[in-house]
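A.B. asks: Shown below is the structure under consideration.
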Amino acid sequence: MLLLSQELPETVRPAVRDRHSQVVAWRQQLHRRPELGFQEQETAAFIAARLTELGIPFQSGLAGTGIVAEIEGRRSGPTLAIRADMDALPILEANEVPYRSEIDGRMHACGHDGHVAIALGTAACLQANPDFAGRVKIIFQPAEEGPGGAAPMIAEGVLENPMVDAIIGLHLWNYLPLGKVGVRSGPLMAAVELFDLTIQGRGGHAAIPQNCIDAVLVASQIVTLLQSVVARNVDPLHSAVVTIGSLHAGTTYNVIADRAQLKGTVRYFDDRYQGFLQERIEQIVAGVCNSHGATYELNYRKLYPAVVNDSAIADLVRSVAEDVLEPPLGVVPDCQTMGAEDMSYFLQKVPGCYFFVGSANLDRGLNFPHHHPRFDFDETALAIGVELFLRCVERFCR
């Protein structure tokens with residue numbers, strides 16, 4: 001049997017239980033006022049105000065709106081970083097809840113409001129009882145949904161002074177039920193690359209195709225052939241995805257389109273495919289266009305590398321999760337997704353672990369997927385997230 005809403009595991013300590021309603025209130029306030037990447041001025045001000053109330057020193061203005069707080073333990077020791085992303089999405093919320101977004105066309109549809117609330121709750125508990133060795137840096141990062149705030153925060157020294165020895169982060173995850181935690185060593189989330197493709201043909205009357213170069217026909221053949229990139233160029237034991245998410249061409253019934261515009265993504269776990277998939281895509285595009293006499297412009301760019309967890313830190317998180325969530329609840333060991341996350345940049349610099357905290361509750365209708373206009377999660381997961389973070393600090397900083 002899985003957890004019911006508001007039924008916290010007995011392993012969640014009294015200090016977390018006592019703060020749970022406050023953490024929920026923080027999350028709901030953040031949910032009402034969503035902001036897009038690098039525009040999180042009000043969100044940053046909210047975080048700064050809570051840290052000030054808690055007496056926690058912090059630095060603001062990193063990568064524009066980012067914040068890093070630092071909590072000293074009672075004894076000398078290592079530095080552990082906790083990362084929380086804080087941006088929202090350009091989505092019109094469809095939920096009818098008291099904390100519904102007050103800004104039309106913007107919504108916390110991926111749980112980042114919960115990530116910030118969990119990080120603040122963790123900071124409050126650590127500040128109240130700093131019985132650990134070393135220090136904890138809590139990184140509030142902008143723009144995870146794009147274009148990415150992790151890399152500029154790293155460039156501005158968020159992992160330095162003092163140097164971070166390891167980093168952890170969590171994602172509330174509606175693909176897992178409340179009471180489950182997904183932890184794995186190695187690749188957890190995929191690298192993602194984006195491309196924009198413009199095909200230039202020659203338009204004309206639909207009744208006289210011999211005088212035209214049909215951009216719709218060219219685009220259609222390219223879309224079909226791109227599926228062979230994974231099917232015939234990627235090892236069947238590996239994972240990769242090529243997706244065309246947008247195709248726009250033509251204006252009406254009887255006009256052959258002279259131009260088609262496509263947008264797509266490429267995703268993979270294994271670094272051996274970096275550069276290779278781009279090369280194969282351009283070879284297919286060039287071949288099809290040449291065969292029809294069309295020209296093309298391809299803008300291909302890398303977004304985020306794969307999220308790859310360090311085995312030792314993943315083992316630490318796994319052992320913590322097994323203690324907090326006992327059978328028949330507990331850890332999903334092979335939780336993996338082709339979704340992407342710029343937590344990957346932090347994990348390239350220092351060993352760490354990113355993990356999933358189940359937040360879906362089918363009985364309450366809280367199981368809509370991330371980036372859906374009706375996305376929401378069971379707030380019981382907030383207390384579980386705080387307890388997991390606290391135990392990770394206690395085991396790493398001792």
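The values are calculated or read from the model by the stated rules, or taken from the named source; none is laboratory data. Please read all numbers here as calculations on a predicted model, not as lab measurements. Glycine also receives a Cβ, built like all others from the backbone with ideal geometry; neighbour counts cover every protein chain displayed. Ligands, DNA and RNA are stripped out before the accessible areas are found, and what is left, the full protein with its side chains, is counted by its heavy atoms. Shrake-Rupley method; radii C 1.70, N 1.55, O 1.52, S 1.80 Å.
A.B. asks: So in region 272-301, with the set limited to residues that are surrounded by fewer than 17 Cβ atoms within 10 Å (Cβ to Cβ) and of a type in the set (Lys, Arg), which one is farthest from Thr224 (Cα to Cα)?
C.D. replies: Among residues in region 272-301 that are surrounded by fewer than 17 Cβ atoms within 10 Å (Cβ to Cβ) and of a type in the set (Lys, Arg), the one farthest from Thr224 (Cα to Cα) is Arg272.
A.B. asks: Also, I was wondering about something else. If you scan region 165-178, which residues turn out to be open to solvent by 10 Å² or more (accessible area, probe 1.4 Å) and more than 21 Å from Val192 (Cβ to Cβ)?
C.D. replies: Asp165, Leu176, Pro177
A.B. asks: Among Val192, Val181, Val218, which is the only one that is part of a strand (DSSP E or B), more than 15 Å from the chain's Cα centre (by Cα) and surrounded by 21 or more Cβ atoms within 10 Å (Cβ to Cβ)?
C.D. replies: Working: Val192 fails: more than 15 Å from the chain's Cα centre (by Cα); Val218 fails: part of a strand (DSSP E or B).
Being part of a strand (DSSP E or B), more than 15 Å from the chain's Cα centre (by Cα) and surrounded by 21 or more Cβ atoms within 10 Å (Cβ to Cβ) holds for just one of Val192, Val181, Val218, which is Val181.
A.B. asks: Additional query: Taking region 197-209 only, how many residues are in a strand (DSSP E or B) and open to solvent by less than 40 Å² (accessible area, probe 1.4 Å)?
C.D. replies: Within region 197-209, the first condition is being in a strand (DSSP E or B), and the residues that meet it are 197-200, 202, 204-205.
When the remaining residues are screened for being open to solvent by less than 40 Å² (accessible area, probe 1.4 Å), the result is 197-199, 204.
Result for region 197-209: 4.
A.B. asks: Moving on to the next point. Evaluate the following for Val308: is it open to solvent by 60 Å² or more (accessible area, probe 1.4 Å), closer than 30 Å to Val357 by Cα, hydrophobic (A, V, I, L, M, F, W, C) and modelled with pLDDT of 95 or more?
C.D. replies: Numbers: open to solvent by 60 Å² or more (accessible area, probe 1.4 Å): yes; closer than 30 Å to Val357 by Cα: yes; hydrophobic (A, V, I, L, M, F, W, C): yes; modelled with pLDDT of 95 or more: yes.
Yes.
A.B. asks: Something else now. From the list Val223, Val158, which one is of a type in the set (Val, Ile, Thr), assigned to a loop (DSSP other than H, G, I, E, B) and open to solvent by less than 50 Å² (accessible area, probe 1.4 Å)?
C.D. replies: On the way: Val223 fails: assigned to a loop (DSSP other than H, G, I, E, B).
None of the other options fit; the residue is Val158.
A.B. asks: Just to be sure I understand, how many residues within region 373-398 are surrounded by fewer than 18 Cβ atoms within 10 Å (Cβ to Cβ) and either touching a helix residue (DSSP H, G or I) at 6+ places or on another chain (Cβ under 7 Å) or assigned to a loop (DSSP other than H, G, I, E, B) (or both)? Step through it out loud before you land on a result.
C.D. replies: Step one: of region 373-398, the residues surrounded by fewer than 18 Cβ atoms within 10 Å (Cβ to Cβ) are 373-374, 394-395, 398.
Retained after the next criterion (residues that are either touching a helix residue (DSSP H, G or I) at 6+ places or on another chain (Cβ under 7 Å) or assigned to a loop (DSSP other than H, G, I, E, B) (or both)): 373-374, 395, 398.
Total satisfying the criteria: 4.
Residues checked against (1) open to solvent by less than 10 Å² (accessible area, probe 1.4 Å); (2) touching a Ser or Thr at 6+ places or on another chain (Cβ under 7 Å); (3) over 21 Å from Ala63 (Cα atoms); (4) not in a strand (DSSP E or B):
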position	(1), (2), (3), (4)
Thr79	yes, no, yes, no
His115	yes, no, no, yes
Gly121	yes, no, yes, yes
Asp131	no, no, yes, yes
Pro152	no, no, no, yes
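A.B. asks: To continue, here is another question. Would you confirm whether or not region 341-350 contains a residue that is crowded, with 22+ Cβ neighbours inside 10 Å, in contact (Cβ under 8 Å) with a residue 60 or more places away in the chain and farther than 20 Å from Leu303 by Cβ? Quick ask: steps written out before the conclusion?
C.D. replies: Filtering region 341-350 for residues crowded, with 22+ Cβ neighbours inside 10 Å gives 341-344, 346-347.
Adding the requirement that they be in contact (Cβ under 8 Å) with a residue 60 or more places away in the chain leaves 341-344, 346-347.
Checking which are farther than 20 Å from Leu303 by Cβ leaves us with none.
Looking through region 341-350, none of the residues is crowded, with 22+ Cβ neighbours inside 10 Å, in contact (Cβ under 8 Å) with a residue 60 or more places away in the chain and farther than 20 Å from Leu303 by Cβ.
A.B. asks: Out of contact with any Asp or Glu (no Cβ under 6 Å at 6 or more places or on another chain), assigned to a loop (DSSP other than H, G, I, E, B) and either under 20 Å from Leu382 (Cα atoms) or among the β-branched types (Val, Ile, Thr) (or both): which single residue out of Ile47, Ile56 fits that description? Break it down stepwise before answering.
C.D. replies: On the way: Ile47 fails: assigned to a loop (DSSP other than H, G, I, E, B).
When all the criteria are applied, what remains is Ile56.
A.B. asks: Which residues, taken from region 301-349, are over 26 Å from Glu387 (Cβ atoms), assigned to a helix (DSSP H, G or I) and charged (D, E, K, R)?
C.D. replies: Lys349
A.B. asks: Out of curiosity, is Asp363 under 27 Å from Val164 (Cα atoms), among the charged types (D, E, K, R) and either assigned to a helix (DSSP H, G or I) or touching a residue at least 40 places away in the same chain (Cβ under 8 Å) (or both)?
C.D. replies: no
A.B. asks: Taking region 240-271 as the search range and keeping residues that are out of contact with any Gly (no Cβ under 6 Å at 6 or more places or on another chain) and of a type in the set (Lys, Arg), which one is most open to solvent (accessible area, probe 1.4 Å)?
C.D. replies: Among residues in region 240-271 that are out of contact with any Gly (no Cβ under 6 Å at 6 or more places or on another chain) and of a type in the set (Lys, Arg), the one most open to solvent (accessible area, probe 1.4 Å) is Arg259.
A.B. asks: I need the full set of residues from region 1-27 which are modelled with pLDDT of 95 or more, touching an Asp or Glu at 6+ places or on another chain (Cβ under 9 Å) and open to solvent by 40 Å² or more (accessible area, probe 1.4 Å), in order please.
C.D. replies: Step one: filter region 1-27 for residues modelled with pLDDT of 95 or more, giving 12-27.
After this cut, where a residue has to be touching an Asp or Glu at 6+ places or on another chain (Cβ under 9 Å) as well, the list is 12-13, 16, 20, 23-24, 26-27.
Within region 1-27, just Arg13 meets the criteria.
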